[in-house]
Every structure is written in C-alpha cells, then in structure tokens.
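Peer 1: Okay, here's the structure, questions in a sec.
The values are calculated or read from the model by the stated rules, or taken from the named source; none is laboratory data. Because the structure is a prediction, the values reported are computed rather than measured. All Cβ positions, glycine included, derive from the backbone under ideal geometry; neighbour counts span all protein chains shown. Just so you know, the surface numbers come from the protein's heavy atoms only, side chains and all, with ligands and any DNA or RNA stripped out. Shrake-Rupley method; radii C 1.70, N 1.55, O 1.52, S 1.80 Å.
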Amino acid sequence: MKRAAGLVITLIILLSQTSCFGLRQINELAIVTAVGLGLGDKPGTIKVSAQIIRPADARGQTGAPSGGTGQPIYSISAEGTSIFDAIRNLGRVSSRRVYWAHNFLIVMDEDYARKGIKDMVDFFTRNHELRMNTRVAVTPDLPDQVVSTITGLEVVPGEAVDRLFQNNHVVGRAPASDMMNLEEAFLSSSTEPVLARVQLKPRGISNKKPEEHGSLKQVELGGAAAFLGDKMVGWLSVKEARGLLFFLEKLGSGIEVVKCPNNDGVMSIEFKRARLKVTPSYANKEPKFGVRLTTEADIVESGCAIHLDEGIRQDAEEKLEQRLKSNIDSVIDKAQHRYHSDFLKLGDVFRNKYPEEWRVLKRDWNRTFSDAKIDVEVEATIKSGVLKSVGTEIR
Amino acid sequence: MSTAQEKLQEQLAASFTPQLADNAAVLDQILGKSADMQQRELKLCGSSEYPGVCCFVDGLADTSIIEAILKALIVFGSDLHRDPAAMPTAEEICTTLMVNASAKPCRQVRDGIAGIVSGDTLVLIQGLDEAILVSSKGWKDRSIEEPSSENNVRGPRDGFTESIRTNTAHVRRRIKDPLLRFDATVVGTRTQTDINIAYIQDLVKEGLVEEVKRRLKRIKIDAILESGYIEELIEDAPLSPFNTVQSTERPDKVASALLEGRVAIFIDNTPVVLIVPTFFWQFIQAPDDYYNRYWVGSFFRCVRYLALIISLVLPSIYVMLVSFHHEMIPTSLALTIASGREVVPFPVLLEAIMLEIAFELMREAGLRMPKPIGQAVSIVGSLIIGQAAVAAGLVSPFMVIVVAITEISSFAIPSYSSSLALRIFRFPLLIASGTFGLLGFATVFFALMLHALSIRSFGESYMAPASPFRPSDQRDMLLRMPIWMMNDRPEFAQDTKRMGEQQMPTQQTRKGG
C-alpha cells in the first residue's frame, strides 16, 4: 500500500515536471487560417496580417445562440521588427490567443519576397505549432487584402484558397507550392524555389447587384514567382507556369487551343497522360539536357466544321506539339536567360546521374545551367475526337 | 462466543435419547417457540405405547409429503398389523414402513436441527435412540424465466432461479456426462448456505477443484446472502476494480465453461452462478456468438471490441483533443467543435464530468425507480435535460453526443458487472487526459494495462490468451472461428481434444451407392 502510494506521488510529480501543461480550451483560441506577410510602414519592420475564424459565424447556429455578426472571419494586422515580434504584437489586438496549427496559407508581398524570405522560411519551419503543408504564395497585391477577402465557396476563405491549390492540376497554371517543397528547394543546392502567385481579381458577381459585373474581388491562382537564393527575381506568366508544371509536378493533362487548318475557328485539344523525361548528358565539361515530352490527346471542342480525317489530325498534332514546346521553351528561356535560376530542378536530375561531376559544378551551378544546351522535343498523338468524328455544322 | 452460543453448541453436540419427552424438550429448547415450527404428534401403528412426533418448518416442508409420512407410520403400520416392537431401530422403520423417496436415520441432534431448518421433517419415536430424517423440501419457487440481465436472440431462454437444486439440474440436463460432479459444502455459520462446486472430472484443470475448496474452506462468515459475498471472499485481486470471477445467470454459459475445464460455484438462494478461472475477454463474448453463424458471430464480436474501446476512452480522447491537441483535429471539425463550445462557460473536462455524472444519475434513478416510472425518468433525463442543457449553453452538443455514444457502447458489453468496472476506469482516464493531455492519458492507460496484465484468476493470467499469447486459443478470441475449426479446448483443460478430424462439412459427391 505504501509502495503504491509512493508510486502514485512519484508519477504525479514526474508529470507535473514535464512542463507539458498547456491546457487551452478550443474556444479560447483564435484559429488562424491565412496569414499575410509584408513590409511595414516604418523601414525595417514587418507587417503580419492574420485571417482569424469566428467559429460561431463560420459554423452557423450549433447549440446555443452565440451572438455573431454574420462575418465568418476577423482579420487583424500588426507590425514588428521580426515575424515573431509582429505575431506577438497581434496579441495586443486579438482577445484570444493566436493559434497557428490550422493555418492554410501564407501570402507574401512581392516587395517582401524580393527582399528575401530567409526569415520567413526559418520561422515557419522552426515553430512547432506551424505545419509543413501550409500553402505559400506571393502576391503583387497587398497581402492584408488577400487575407481579408472572402473568397471561394468555402465558409473559411483560407480553406477556399487551399482548395484552389489542391485542384491546381485541373487548370495547370500555377505550382502547388507549400512549406514542404519551399524548404526543400530552399535548402537544396541543386534547385531554386518557385512559389505560386495569387492575385485579387474582380471576378465575383454580386447576387444583389448583378449589373455591377465583377464588383467582388476574388483570389485568383495563376502564374508563379521565381526565386534565386532567398530572393524573388521575377514572375512567371500563366503560360510559363504550365511549362513549369511539367518539370515540377509531372502535369499529366490540360487544355490547349489551336487554330483550325481550314478556317478562322479554333479547336480545343485536351492532352492526357503527358510524360516529361529529362535526360542529362555531360560532354566536354558542359552539361546538356534532352527534354522529351510525350502525350496523348483528344479533340474536345472543334469549331472547324470539318471531318476529323487523317490530315486534320496530323495538322492538329503538329500544332499541339508547337504549343506545348513553346510553353516549355518559354519557361526554360526565362530560367536560363532572364533569371539565371534553376527552379526547373534540372540540377537535381544532373546530380543524380553525375554525382562526381556535380561536386565540381555545384559551386557555380546557376551560371553553368544558364549556359547549358537544352533540347526540347514534343511528341503528341491525337487518339480520338471523343464522341464525334464529324464536324458540327448546320446543313 | 456468548454463553447462549456455548449452550447451543453443547446441546447440538448431543445425541438423541430413547425418551421422546427428553428429545422433544431438547428440540424445544434449541428452536424455541418459533411461530413457523410445527410439531405433529402421532402414534406408531396406532399403538399408544409408541407415541411419536413430526417436526418440520411450516412453509419449507411440503405438507403432502408430511401426510405421506403420517400415513406410512400410522395407517400402513396398523393395516399391516405390524408390531412396533418388531421394529426396534430407526433403520428398520425406514426400510419396512416408510414410502418416502429419501428417509434416513439420524443420531445427532445437530443433524436433526440442520434437517428441520432446511425443510426436512424429523420424526421422533418413543423408544428409539435415533430419529428419522425424511426429505420433505417443498417451498414456493420463482418459475424459470429468461435472465433479464443477459439477453440473447438465439439460444435457450431458461435462466437460473433461487433454488440450488433446480440450478444444478439445469446443468445436468445439458451435460449428461457421468463425470460431471457436484461437490457440496456449506458456508456461513448462521445462514448455513449450501454451495455446490461443479466440474467435469476428466476435463477440469488439475488442482483447480482443490484450490476452490481450499478458498471456500477459508471463509469464516456468519452469512452468505448472494454469490457476490463468495466472489469477494475468494477472488485473486481483491483491491482491483476488475472482476476476476465471472458471474452468470445462464445455464448454457455454465455448461460451456464446465466443458472448457473450468469450475462453476452454485450458491443457494441466488440465480447468479460463479465461474472460475475468468479471463478479461470473456466479458466481451456472448452466447450468441456461438449460436449464430461464425460470420455473424465474428462481426458482432468485433463490434463489441469497438464498444469496449469506445466506452473506455472516447470521452478522454475528446477532452484531450479539445483542450490540448487542437492541431490533431481536422480544421473543419475543429471549427464545428469551437462553434459549439462558443458559449459554454465550463472547461471541457468539467463539462465531460458533469455530463457523465448526470448520466450516472439517470441510470441509477432509472434502475431504482418502479419500472413504469423508470421510463419517464429516462425520457425526462435524456431527451428533455439533454436538449435544454444544449439550448441553454451549459454543455456543447458535441459533448452530449460523445457521452451518449460512450454510454451506449458500455451497454453493448454483454457482462453488466464488467461494464461497471470499465465505467469506474473511465473517470481517472478522463481526469488525467483533461489535466495532462495525451501524456496523462497515456500514463493512466499504461498503468491500467500493467495492472490488468499483473492480475491472475485462479492461476490463469487474466489477459490470456492475448498475453501470454496462446496460438491455439486465438481461434476464439478476436474472431469467432467456425465450430469445425475450434477443435481444441483451452490449454489449461486436462484433455484438450474436443472433436474428430475433418469436421468441416464437405460437398457430397453424387456417385452411385
């Protein structure tokens, strides 16, 4: 009996010494679902804006009446000399403890990104409360605006943007960048980071005033921001972002619109099962890359009003190949000659095949990469016209 | 020992004398003038030289049997013109005159008194130095009903009653093996409760019967009113909330336990029979598992394992997640929980304990109330209070759901007594996880496991066959394998082979002849 009592007392003392005592009720937390980072008004300061959920309004009436304002989110911002300082300063405004574990999105200002994101990568990977699957994006707009905009179908705007990222392969116009692959690229010597671009665009139509078309701003995901080291060097357009996705995320399908061979109309071609293969080679102390994209495709919309015969098909195949090649060429061109930054992960491919040579080349890889010869080859095969092979025209 | 006791013991130790008056006086002194003591005077063979007296307890003895005794002694004796002098011993009277199924001579006063108070009739006759004890037990019994605490859909509907003989007969009817033994003993200095130890001689675990008898013999107590008394006095872990003795009201459960090589303890005046040794997992198993086909049996057994886990840990896990590990809840769910808790003024631990206690109150009230009112209590309690508490913002709807699911799960555990044990374990788990989070939960759960693993029940590990792992017993553990695969008894039985080879039904081939 004495021993049992001793054991219980020892256990209680041990438990209370672990300093794990962090009792916080879930309704006493300010759950952040999106955070914006920008430069503060004073030089050398950082502005952090947070999108915080108001649970009672985000979930309607569950249980007792709770007196909501009808707005699902509550957005606040604070400035500080470092990110953590700014976050602590949020506490001056927020009545509840700011809680980060459910954060969906980190949005950075373009100016902030151009100054360097080293602090941000460090903070968001060092803190135990933050998750590595948080989406990261750069915006040319003000991050506080992006964070405080009610966007998408989801009740929680941060979740809506997260869904945009999840479905990015449908549109294929922006990389699905999150903390995980940002840090991976950031720490790697063979690649450079690239982040998605989000932008506020007047795309929403108000139900109450439909005549004021596009009166509501919505967050649009498209394009990308290229980095060299920890600094942003420039934007990639949506077309270049598609080329980028073949390298980064093995983009398998998408839509390209090409001109008809016979008239001014256009036809839409959906490419499927696209596979990009990069073959590095090393000769005369110069790395060389062969990029080969093979894909199948279907004609999903035809405004050409003709039968899809063999000739038309070959013509469409050629045009699709040109289109895809120009996508890839344009992003390679940007990477090599404009930004001198290997965000296409070609360094990774090279290192895996030539680890010995890589040791020498890695010191000045971005310059070597800029001068490397890259051959792009695209092979497309149109398989079918889906349900129709005849053109649609009024007889 | 009081002087009254000493005197009583002295009187009990005496033998009967040939003088009827002396014997009657001794009985009167011992039994006093109890209202239910009846004495019927008689004359053996109608002869006034041989007066006698029949002693019995009114209500315990069957009057028709007493009439048969009187008829034999008075009428048959004189009809047959038997001379009482020709029957000088009690033995002689029993063998030549009595027609009762059980009648035997009795020399000691102690035996005679014991017979009277247990419903037998003691016949004293002038001139004999022995009395005759005739079995005449016959009192009003409850009829055989389905046990209300252990229901099943398929299977026998009979349950034990308060009469030990009826109960042993239930088992004897199921197992017509001549090696089925019922060893009798008596416990309780005042209640003199009959106890029978049932086992099958060539199956029972070696040494088990001796161990049970040893433990029963150790008991020195005035009264045994229910098998719970015995259970607490013979169990291996008297301080543990786990019950290491299985109790049941179902004869089929007892029969199956005996066939597994275990021992059943029947106690008079209670329908609850004890079975030892007991394993923790037995409380999850129901007779239905074996009576329905094995797919169904296995599935519902899995459901019950789930119920076991839920009833033990669900409130703790909810409290732990909501007050410590918010990052482990999916975001949408976290928001829903947070919105439900928005107006709740209490910390989640207090909320959980409040609701648990409210439920225990309702359960207890529903149990103690007269049956028709019990229903009203449960409706008022569960529906009205539950709804009103949520609407008033006292508790969150999530907590009501969690507690309700927990309670339903605890009712899905077939053994009521072991579900009570789990109910007790829930509170330390709840408090630990509400104050220390996952760490506290893990600590208490671990301590609980260590404790459960350390217990033994009559020489067998309580958590067997999971730990120690017994491969052949796994066929009836998580899943209930088909009957034709369970060809072994548990390992502790003396003879483990229980069926022939190849018992799986095979397709009959259509060959001529």
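Peer 1: Over all residues in B:322-334, what is the mean tally of Cβ atoms on other chains that come within 10 Å of each residue's Cβ?
Peer 2: That works out to 5 on average.
Peer 1: Give me the distance in nm between label points sitting 7 Å out from Cα along the Cα-to-Cβ direction at A:Leu153 and B:Lys371, one decimal.
Peer 2: My value for the distance between the label points is 5.4 nm.
Peer 1: Charges only on Cβ, +1 for Lys and Arg, -1 for Asp and Glu: so what's the dipole of chain B about the Cα centre, in debye to the nearest 20?
Peer 2: Details: 49 positive and 57 negative charges, 305 e Å.
Its charge dipole is roughly 1460 debye.
Peer 1: Using a 1.4 Å probe on the protein chains only, how many percent of the accessible area of the protein assembly as shown belongs to carbon and sulfur?
Peer 2: The computed percentage sits at 56.
Peer 1: Take the alpha-carbon centre of the range B:208-250, take the same for the range A:321-372, and report the distance between them in whole Å.
Peer 2: Using only Cα atoms, the two centres lie 81 Å from each other.
Peer 1: If you don't mind, another one. Where the only charges are on Cβ atoms (+1 Lys, Arg; -1 Asp, Glu), what is the dipole of the range B:3-134 about its Cα centre, to the nearest 20 debye?
Peer 2: 60
Peer 1: Name the shape class, rounded, prolate or oblate, that the alpha-carbon gyration tensor gives for the range A:132-286, where a ≥ b ≥ c are the square roots of its eigenvalues, rounded holds for a/c under 1.5, and otherwise prolate holds if a/b is larger than b/c and oblate otherwise. Before the final figure, lay out the partial values.
Peer 2: Values: a/c = 2.27, a/b = 1.24, b/c = 1.83.
Oblate, because a/c is 1.5 or more while a/b does not exceed b/c.
Peer 1: Quickly work out the B:Phe299-to-A:Glu301 label distance, labels modelled 7 Å from Cα along the C-beta direction, and quote it in nm with one decimal.
Peer 2: My value for the distance between the label points is 4.9 nm.
Peer 1: If you don't mind, there's one more thing I want to ask. For B:Cys45, what is the net charge nearby, where nearby means another residue's Cβ is under 15 Å from its Cβ and Lys, Arg count +1, Asp, Glu -1?
Peer 2: Charge balance in the 15 Å sphere: -2.
Peer 1: At a 1.4 Å probe radius, which order do B:Arg456, A:Arg313 fall into by accessible area, largest first?
Peer 2: B:Arg456, A:Arg313
Peer 1: Another question, then. How far apart, in nanometres, would the label points at A:Lys118 and B:Ile483 be if each is projected 7 angstrom from Cα along the Cα-to-Cβ direction?
Peer 2: Each label point is offset 7 Å from its Cα along the Cβ direction, giving 7.8 nm.
Peer 1: Can you give the accessible area per residue of chain A, in Å², using a 1.4 Å probe?
Peer 2: Details: 20110 Å² over 395 residues.
Averaged over the residues of chain A, the accessible area is 51 Å².
Peer 1: Can you give the angle from 0 to 90° between the axis of helix A:238-248 and the longest principal axis of chain A, with both taken from C-alpha atoms, to the nearest 10?
Peer 2: It is inclined by approximately 80 degrees.
Peer 1: Be a star and scan the range B:19-51 for residues whose amide nitrogen sits under 15 Å from the point 7 Å along the Cα-to-Cβ vector of B:Arg110.
Peer 2: Under cut-off, by backbone N: nothing.
Peer 1: Also, quick follow-up: The range B:421-438 to the range A:222-291: how many Å between their Cα centroids?
Peer 2: 57
Peer 1: Here's something else I'd like to know. Please turn the phi angles of the range A:335-340 into ³J(HN,Hα) values with the Karplus equation 6.51 cos²θ - 1.76 cosθ + 1.60 (θ = phi - 60°), one per residue in order, whole Hz, x for glycine and proline.
Peer 2: Computed from phi, the couplings for the range A:335-340 are 5, 7, 9, 9, 9, 6 Hz.
Peer 1: Within the set A:Lys239/A:Lys334; A:Lys285/A:Lys334; A:Lys239/A:Lys383; A:Lys334/A:Lys373; A:Lys277/A:Lys345; A:Lys118/A:Lys250, which residue pairs have Cα atoms separated by over 18 Å?
Peer 2: Table pairs above 18 Å Cα-Cα are A:Lys285/A:Lys334; A:Lys239/A:Lys383; A:Lys118/A:Lys250.
Peer 1: To continue, here is another question. Along the charge dipole of the range A:197-305, pointing to its positive end and built from +1/-1 on Cβ of Lys, Arg, Asp and Glu, which listed residue (A:Phe271, A:Gly214, A:Gly234) has its Cα farthest out?
Peer 2: Result: A:Gly234.
Peer 1: Still on this structure, I have one more. For B:Lys220, list the lysines whose Cα falls under 25 Å from its own Cα; do not include residues on the same chain fewer than 8 positions away.
Peer 2: B:Lys7
Peer 1: Which trypsin sites (Lys or Arg not before Pro) from the range A:78-185 combine a DSSP loop assignment with at most 11 other Cβ atoms within 10 Å?
Peer 2: Passing sites in the range A:78-185 are A:Arg92.
Peer 1: In square angstrom, what is the accessible area per residue of chain B with a 1.4 angstrom probe?
Peer 2: Heavy-atom accessible area per residue stands at 49 Å².
Peer 1: Quick check on chain A: helices-only [θ] at 222 nm, where DSSP H runs of length 4 and up contribute -39,500 (n - 2.57) each and the sum goes over total residues. Nearest 500, please. List each step's numbers first, then the result.
Peer 2: On the way: 14 runs with 129 residues, N = 395.
Counting only the DSSP helices, I get -9500 deg cm²/dmol.
Peer 1: Also, quick follow-up: Can you give the FRET efficiency for B:Gln494 and B:Glu67, using 1/(1 + (r/R0)^6), R0 = 56 Å, r = Cβ-Cβ distance, to the nearest 0.05?
Peer 2: Details: r = 48 Å, r/R0 = 0.86.
Efficiency for this residue pair is about 0.70.
Peer 1: Excluding residues on the same chain fewer than 8 positions from B:Lys497, give the aspartates and glutamates whose Cα lies under 13 Å from its Cα.
Peer 2: Within the straight-line cut-off, B:Lys497 pairs with B:Asp202, B:Glu260, B:Asp473, B:Asp488.
Peer 1: Given 0.36 nm per residue, what is the gain on full extension from B:Asp36 to B:Leu225 after removing their alpha carbon distance, in nm? Walk me through the intermediate numbers first.
Peer 2: On the way: separation 189, 0.36 × 189 = 68.04 nm, distance 2.11 nm.
Roughly 65.9 nm would be gained on extension.
Peer 1: Starting from the Cα gyration tensor of the range A:242-395, take the square roots of the eigenvalues, sort them a ≥ b ≥ c, and report rounded, prolate or oblate (rounded when a/c is under 1.5, otherwise prolate if a/b is larger than b/c, else oblate). Write down the numbers at each step before the final one.
Peer 2: Details: a/c = 3.35, a/b = 2.88, b/c = 1.16.
Here the range A:242-395 falls in the prolate category.
Peer 1: Rounded to two decimals, what is the ratio between the C-alpha radius of gyration of chain A and 2.2 N^0.38 Å? List each step's numbers first, then the result.
Peer 2: Working: Rg = 25.9 Å, N = 395, 2.2 N^0.38 = 21.3 Å.
Expressed relative to 2.2 N^0.38 Å, the Cα Rg reads 1.21.
Peer 1: With only alpha-carbon atoms in the gyration tensor, what are the semi-axes of the equivalent ellipsoid for the protein assembly as shown, in Å, largest first?
Peer 2: Listed largest to smallest, the semi-axes of the protein assembly as shown are 88, 33, 26 Å.
Peer 1: Say R0 is 60 Å: what FRET efficiency, to the nearest 0.05, do B:Asp83 and B:Asn151 get from their beta-carbon distance?
Peer 2: Result of the calculation: an efficiency of 0.45.
Peer 1: How large is the dipole of the protein assembly as shown about the Cα centre if only Lys and Arg carry +1 and Asp and Glu carry -1, each at its Cβ, rounded to the nearest 20 debye?
Peer 2: For this selection, approximately 1940 debye.
Peer 1: Oh, and also: In what sequence, highest mean first, do B:436-443, A:243-250 appear when ranked by Cβ atoms within 10 angstrom?
Peer 2: A:243-250, B:436-443
Peer 1: Shape call for chain B from the C-alpha gyration tensor, a ≥ b ≥ c root eigenvalues: rounded (a/c under 1.5), prolate (a/b greater than b/c) or oblate?
Peer 2: prolate
Peer 1: Just flag the trypsin sites (Lys or Arg not before Pro) in the range B:196-254 sitting in loop per DSSP whose Cβ has no more than 12 other Cβ atoms within 10 Å.
Peer 2: Working: sites: B:Lys205, B:Lys213, B:Arg214, B:Arg215, B:Lys217, B:Arg218, B:Lys220, B:Lys253; in loops: B:Lys205, B:Lys220.
Sparse-neighbourhood loop trypsin sites (Lys or Arg not before Pro): B:Lys220.
Peer 1: Between B:Asp141 and A:Arg163, how high is the FRET efficiency from 1/(1 + (r/R0)^6) when r is the Cβ-Cβ distance and R₀ = 60 Å? Nearest 0.05. Before the final figure, lay out the partial values.
Peer 2: On the way: r = 71 Å, r/R0 = 1.19.
After rounding, the FRET efficiency stands at 0.25.
Peer 1: Just going by the charge dipole of the protein assembly as shown, with Lys and Arg at +1 and Asp and Glu at -1 on Cβ, which of A:Ile46, B:Thr121, A:Tyr99 is farthest out on the positive end?
Peer 2: A:Ile46
Peer 1: Evaluate the relative contact order of chain A (contact order divided by residue number), counting alpha-carbon pairs under 8 angstrom at least 6 apart; express in whole percent.
Peer 2: Details: 815 pairs, mean separation 48.0, N = 395.
Relative contact order here is 12 percent.
Peer 1: Which one, A:Ala316, A:Leu346, A:Asn327, projects farthest toward the positive side of the charge dipole computed for the range A:308-349 from Cβ point charges (K/R +1, D/E -1)?
Peer 2: So the residue furthest toward the plus end is A:Leu346.
Peer 1: For B:Ile455, list long-range residues whose amide hydrogen, built 1.01 Å from N in the peptide plane, is under 5 Å from its own amide hydrogen.
Peer 2: When sequence neighbours closer than 5 places are left aside, the close amide H contacts are B:Tyr462.
Peer 1: In addition: A:Lys208: which lysines have alpha carbons under 20 Å from its alpha carbon, excluding same-chain residues fewer than 8 sequence positions away?
Peer 2: Partners found: A:Lys217.
Peer 1: Using only protein heavy atoms and a 1.4 angstrom probe, determine the accessible area buried between A and B, summed over both sides, in Å² to the nearest 100. Don't jump to the answer; show the numbers that get you there.
Peer 2: Details: alone 21500 and 26450 Å², together 45240 Å².
Separately minus together, A and B give about 2700 Å² buried.
Peer 1: While we're on this one: What's the angle, to the nearest 10 degrees (0 to 90), between helix A:2-17's Cα axis and the longest principal axis of chain A?
Peer 2: The helix A:2-17 is inclined about 60 degrees to chain A.
Peer 1: Step through the residues of the range B:160-172 one at a time and calculate ³J(HN,Hα) from phi using the Karplus curve (6.51 cos²θ - 1.76 cosθ + 1.60, θ = phi - 60°), rounding each to whole Hz and writing x for Gly and Pro.
Peer 2: For the range B:160-172, the Karplus curve yields 5, 10, 7, 9, 5, 5, 4, 5, 5, 5, 3, 6, 4 Hz.
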